[in-house]
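Some notes on the structure that comes next.
The values are calculated or read from the model by the stated rules, or taken from the named source; none is laboratory data. Being a predicted model, the structure only gives us computed values, none of them experimental. Neighbour counts are summed over all protein chains in view; Cβ atoms, including those assigned to glycine, are modelled from backbone coordinates with ideal geometry. Accessible surface areas use protein heavy atoms only, side chains included; no ligands, DNA or RNA. Shrake-Rupley method; radii C 1.70, N 1.55, O 1.52, S 1.80 Å.
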Amino acid sequence: RFEEALQEARQVDKLLSEGPADDCLEEKFPLLGVPITVKEAFSLHGMPNTSGLVNRRNVIATSDATVVSRLKRAGAIPLGVTNCSELCMWYESSNRVYGRTNNPYDLQRIVGGSSGGEGGVLAAACSVIGVGSDIGGSIRMPAFFNGVFGHKPTTGVVPNDGQFPNARGVRTSFLCTGPMCRYAEDLEPMLRVMAGPGVNKLKLNEKVSLEKIKFHCMDHDGGSIFVSPVDKEILQAQKKVVEHLEGELGVQVRRVAIHKMKYSFQIWSAMMSSEDSDGQEAQLFTDLLGDHGKPVWPLWELMKWLVGMSSHTLPAIALGLTEKLMKLNPGGKAKLVSMGKSLQEEMEALLGPDGVLLYPSHPTIAPRHHSPICMPFNFAYTAIFNVLGLPVTQCPLGLSSEGLPLGIQLVAASYNDHLTLAVARYLEKAFGGWVLPGKV
C-alpha cells in the first residue's frame, strides 16, 4: 500500500509543519510517521488476509486487527503485509498463494516461520518495526534466522483478535502477538502500544539493574532424540554472552540442567491438542485447512501432492497426518500435559522475580530451503515457552562464519518482560545487534 502510505506520510509532514512539535503530540502519537509492516495473517484494512491458504486468495480485510488499529492510532504507517507459512503452522514461509520468501543474508536459506516475511523485510531494511504472532516460535525463529529482535510477551497481555487463524480452546493460552524490530529500543514502545490497557500487567516502568539480575544458562535441551544437536557456533556465541556478562557486569551466570526440557516437543504437542478447562477440544488443523469449505483428508492430499495436484504445502499435509496420530494415545498425552504443568512451576520458581535464562533460539543457524522437512521438530527450542506462558526476547549476536545470523533467547518469569527487554538492549550495545545483509 505504498501510495496510501505516502499520502499518510504527507499528512504527518503537514501536521508537523503547522506548529512546533510538543510533548503532547509525542504522548498522543508515540509512533508518528514510523513505517511498519504487518504479518499477512493479521487484518489490515484493504489488504489480503489469506494466511497462505489458496481457497482464501480473494479474502480482503475489511477492518484492522486490534493491534494494527492501536499501532495506526499511535501514528504508525503500514507499508503492507508480509508472507507467512500456510495457516501459520510451519517454520518455512512458503505457500501456494505467494510462493517462498528468501533470507536476505543468503537467498538459498529460509526466513523461518510463520512470521518469516516479517523477519526478512526487517532484516533487509525495507521496514523498521513489524507485527508478528507466535504459538510455537513464529516470532522468535524468523527474528533469529534474520538477525533481528523479536519479543513473545507474557501470555494474555497483547490481544490476538483479528488474525486468521486465531486460537481457540486451550490454544488461546499459547498464542501470543508481539513486536519484531531491527533495534532493541523499539520493542518496548511497540509493546506498550500493542498491549493497550493490558500493559498495566507488566512492569515496564520499573528501572532494571542488570547487576541484580540472576542469570541462568542452559546450552541445550538435554539431548532430545527428535531435535538436532545445537550448532557449535551457536554454543560459542552463547558462551561469549556468558563471559561478557560475568566480565563486565560482575554477575555469576549459573549453569542449569532442566531435565524436562528434553521432552519439549512432546509436551508442546500434547498441550496444543489438550482440552481447555471447559472441556472444549482444540480446533483440528484439518478443519482450518478446509476453512469452512469441504473437509480436507490429509492422506488424500498427500497422494495429490505427490502428483503435483494439491493446493496445500507438504508441511501442512504432514501436520494434518500427525494430528490424527496424536489422538491414538490419550494416556500418553495426559502424562505429558501433567509434565508440562510441572515444568511451568519449576521454571517460575527458578526464574522468580529477578531471573533471566539464556537458551538457544534454535539448534541450527538458518537452514537451506526445504531442509526443515528433514528436521521438523527443531522448533521445540522456541515452542516450549509458548505452553509455559513465559516472556521471551530473541536477541541477535552478530553473524556466523558463513555470514548468517546468530542469536539467543532471553527468558523470564511471567510478567517480567521488562527484564528480557533490558538485557536485549544491553546485548545489542555489546554485540552490535542487527547487521546489514551484504555488509561483510
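Observations on the structure shown:
- Some residue of the stretch 72-90 being over 20 Å from VAL128 (Cβ atoms) and free of Cβ contacts under 8 Å to residues at least 24 places away in the same chain: no
- Among (1) within 22 Å of the chain's Cα centre (by Cα); (2) part of a loop (DSSP other than H, G, I, E, B); (3) among the basic types (Lys, Arg), the one test that LYS207 misses: (1)
- Just so you know, in the stretch 370-397 the residues that are open to solvent by less than 10 Å² (accessible area, probe 1.4 Å) and within 15 Å of PRO229 (Cβ to Cβ) include one that is farthest from the chain's Cα centre (by Cα), and it is ASN378.
Residues are listed down the side, and each one gets a yes or a no for (1) more than 19 Å from GLY389 (Cα to Cα); (2) in contact with a helix residue (DSSP H, G or I) (Cβ under 7 Å, 6 or more places away or on another chain):
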{"residue": "GLY169", "(1), (2)": "no, no"}
{"residue": "THR172", "(1), (2)": "no, no"}
{"residue": "LEU175", "(1), (2)": "no, no"}
{"residue": "LYS207", "(1), (2)": "yes, no"}
{"residue": "GLN236", "(1), (2)": "yes, no"}
{"residue": "HIS244", "(1), (2)": "yes, yes"}
{"residue": "GLU248", "(1), (2)": "yes, no"}
{"residue": "VAL251", "(1), (2)": "yes, yes"}
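- Those residues of the stretch 1-33 which are within 25 Å of PHE164 (Cα to Cα) and surrounded by 13 or more Cβ atoms within 10 Å (Cβ to Cβ), in sequence order: ARG1, GLU4, ALA5
- When residues of the stretch 168-180 are limited to those that are open to solvent by less than 20 Å² (accessible area, probe 1.4 Å) and part of a loop (DSSP other than H, G, I, E, B), the one nearest to ALA195 (Cα to Cα): LEU175
- For the stretch 211-225, a residue qualifies if it is open to solvent by 20 Å² or more (accessible area, probe 1.4 Å) and at negative phi, and the qualifying residues are GLU211, LYS212, LYS214, ASP219, HIS220, ILE225.
Conditions (1) touching a helix residue (DSSP H, G or I) at 6+ places or on another chain (Cβ under 7 Å); (2) in a helix (DSSP H, G or I), marked per residue:
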| site | (1), (2) |
| --- | --- |
| GLN344 | yes, yes |
| ALA349 | no, yes |
| VAL356 | yes, no |
| PRO372 | no, yes |
| THR393 | yes, no |
| GLY398 | yes, no |
| SER401 | yes, no |
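- Within the stretch 55-114, being in a helix (DSSP H, G or I), under 17 Å from PRO376 (Cβ atoms) and not charged (D, E, K, R) holds for LEU87, CYS88.
- The set of residues in the stretch 307-348 being of a type in the set (A, V, I, L, M, F, W, C), modelled with pLDDT under 70 and more than 24 Å from the chain's Cα centre (by Cα) consists of LEU321, LEU325, MET326, LEU328.
- Subset of the stretch 37-71 (residues that are in contact with a helix residue (DSSP H, G or I) (Cβ under 7 Å, 6 or more places away or on another chain) and within 15 Å of VAL158 (Cβ to Cβ)): VAL38, LYS39, ALA41, PHE42, ASP64, VAL67, ARG70, LEU71
- When residues of the stretch 46-78 are limited to those that are at pLDDT 95 or above and out of contact with any strand residue (DSSP E or B) (no Cβ under 9 Å at 6 or more places or on another chain), the one nearest to ARG10 (Cα to Cα): GLY75
- Residue satisfying all of: in the stretch 358-369; within 23 Å of VAL253 (Cβ to Cβ) and not in a loop (DSSP other than H, G, I, E, B); nearest to the chain's Cα centre (by Cα) among these: TYR359
- In the stretch 226-256, the residues that are out of contact with any strand residue (DSSP E or B) (no Cβ under 8 Å at 6 or more places or on another chain), under 15 Å from LEU410 (Cα atoms) and open to solvent by 100 Å² or more (accessible area, probe 1.4 Å): LYS239
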